[in-house]
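Below: the structure, in C-alpha cells.
The values are calculated or read from the model by the stated rules, or taken from the named source; none is laboratory data. All figures in this text were calculated on a predicted structure; none of them were measured in a lab. Cβ placement follows ideal geometry from the backbone for every residue including glycine, while neighbour counts extend to all protein chains displayed.
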Amino acid sequence: MVNKFIWHKLHPPTPHTDQTLPVRNISGITHYHGRVKIPADGKWHDVPVDLAKRLIGDGNYHVKGLWPRPVDPTDPKVSRIWKDDVPTQGLRNWPTVSIVIPVYNSPELLARCLDSLRMTKYPGPMTWILVDNASTDAMTLQIVGRISGDCLVRFDLPQGFATAANAGVKLSKADYHVLLNQDTEIIHPDWLATLIRWMILRPQCGICGPKLLFGDGSIQEAGIEFPQGTIGQHRFARLNPDVPCANWYEKVQAVTGAVFCIRSAMSDQIGLLDEEYKFGCEDTAYCLWSTLLGWEVWYVPGSVVTHHEGAVRQGTVLPRLQAWINQSHEKFRREWGAWADSCQGGGIAVLMNGLEGETA
C-alpha cells in the first residue's frame, strides 16, 4: 500500500474538479458513503476526490491517493492520526473533570488506585466521586469513609456496574466524566490531560479511552473490535505497547469502560449507561449507541494506564455475578449482535449521511 501521507507532487488532487482516485474496500462488507456505494469485491474503483479524502485513515480502505501533512484533527473526515502528529500544546482554560470510581471491597486495589491517581497532573478543576457498591470489607469502608460526603455515593445492596457508574455521573457537575475502575493504576501523570485535550480538539468525539496495559507492560486493550458472533474483543492484546499499529489515534467501534472519558454534552443528549446490563457490555453498547446517534468514539494512545483486569473479582466469582455476566452477554448479542457483526471489517456498517433506510 502506498504511504497515505506522502504528497503526490506530480498530479495533486485539486478542488472543484471531476478528478477521481482509485479506492479498494477491504472490509468484506458493502459500504455507502454519501450517495456512493463502494463494493467489497477486492477491486479498485474510481471515486470522486472528495470521497477518497473522507476515507483517508479508515482501516477499511486502501486509497491510491497521497495527501499532505499535517492532518487536521478537527477535520470531521479524519479517522486516524499518527500519535506524534497530534498537537500537544496546553490550553488556556481547562474544563472541569469528575473521576467516577465504582468500589466493591478489594482495599489493596482501591488504595493503590487512589494513591496513583494523586500523581495526576491536570491543569484544570478535578474531583473524585467514589461509589461504594455495598462493600462489606472493613478496610475498604475505612478508605471510602475518608472521602467527603459530597463526593460519595453508597448502596446498601450490590448494584450492576452501569447503575453504580451512573450514580456517580449523576452527582457530577463537570464538563467531562471519566469512569475509572478501582483495579486501574496511573503510570503517567499526563494521562488525563491527554484525553481531555483530544476531546477538545475533536468536538464530535463523545467517548474516548487510553491505551491500557497489563501489569507486565504489554497491551491489554487498544480499542475494541467485533469478530463475528462475539461481544467484542480487545485489539492488539499482549503486543508490545510500542508497536506502530497501536500508536494511531483512531476512531474505533468501542473502548473499554475501565477508563472511559465521556463528554457531558453527549451524555446529556443521549442518556447514560443502560442499567439493564448488570456486569459487562454496558460500555460497548454505550459506544455503539453513541455512534448511531452521530457521535464518535476514539482510541487515544497518547494516554496510558495500567489495568489489572479482573483483579477485583479474582478467585471469587459469585453465582450472582456470573448470572449478571451471562445476562449481559445475552442482552448484548440480542440487541447489538447484528450491528456488531457488521463491524468485523473495522468500520461501522451503517453510515449516517442522510441515506434513510440505506444499510451496508
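Before moving on, here are some points about what is shown:
Conditions (1) among the aliphatic types (A, V, I, L, M); (2) touching a residue at least 12 places away in the same chain (Cβ under 8 Å); (3) closer than 22 Å to residue 282 by Cβ, marked per residue:
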| position | (1), (2), (3) |
| --- | --- |
| 143 | yes, yes, no |
| 146 | no, no, no |
| 155 | no, yes, yes |
| 160 | no, yes, yes |
| 175 | no, yes, no |
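- Scanning the stretch 85-139 for residues that are among the aromatic types (Phe, Trp, Tyr) and in contact with a Pro (Cβ under 6 Å, 6 or more places away or on another chain) turns up just one, 94.
- Qualifying position, being modelled with pLDDT under 90, of a type outside the set (Gly, Ala, Ser) and under 27 Å from residue 273 (Cβ atoms), among 113, 151: 151
- The stretch 109-139, subset touching a Leu at 6+ places or on another chain (Cβ under 6 Å) and among the hydrophobic types (A, V, I, L, M, F, W, C), residue surrounded by the fewest Cβ atoms within 10 Å (Cβ to Cβ): 134
Rundown of residues vs (1) buried (at least 20 other Cβ atoms within 10 Å of the Cβ); (2) out of contact with any helix residue (DSSP H, G or I) (no Cβ under 9 Å at 6 or more places or on another chain); (3) of a type in the set (Asp, Glu), yes/no style:
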| residue | (1), (2), (3) |
| --- | --- |
| 243 | no, yes, no |
| 246 | yes, yes, no |
| 250 | yes, yes, yes |
| 276 | no, no, yes |
| 280 | yes, no, no |
| 283 | yes, no, yes |
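- Sole residue being under 21 Å from residue 86 (Cα atoms), aromatic (Phe, Trp, Tyr) and modelled with pLDDT under 95, chosen from 191, 248, 198: 248
- Candidates 127, 136 - the one that is of a type in the set (Ser, Thr, Tyr), in contact with a strand residue (DSSP E or B) (Cβ under 6 Å, 6 or more places away or on another chain) and either modelled with pLDDT under 95 or not in a helix (DSSP H, G or I) (or both): 127
- Here 356, 330, 276 are screened, and the one residue that is charged (D, E, K, R), modelled with pLDDT of 75 or more, in a loop (DSSP other than H, G, I, E, B) and out of contact with any strand residue (DSSP E or B) (no Cβ under 7 Å at 6 or more places or on another chain) is 276.
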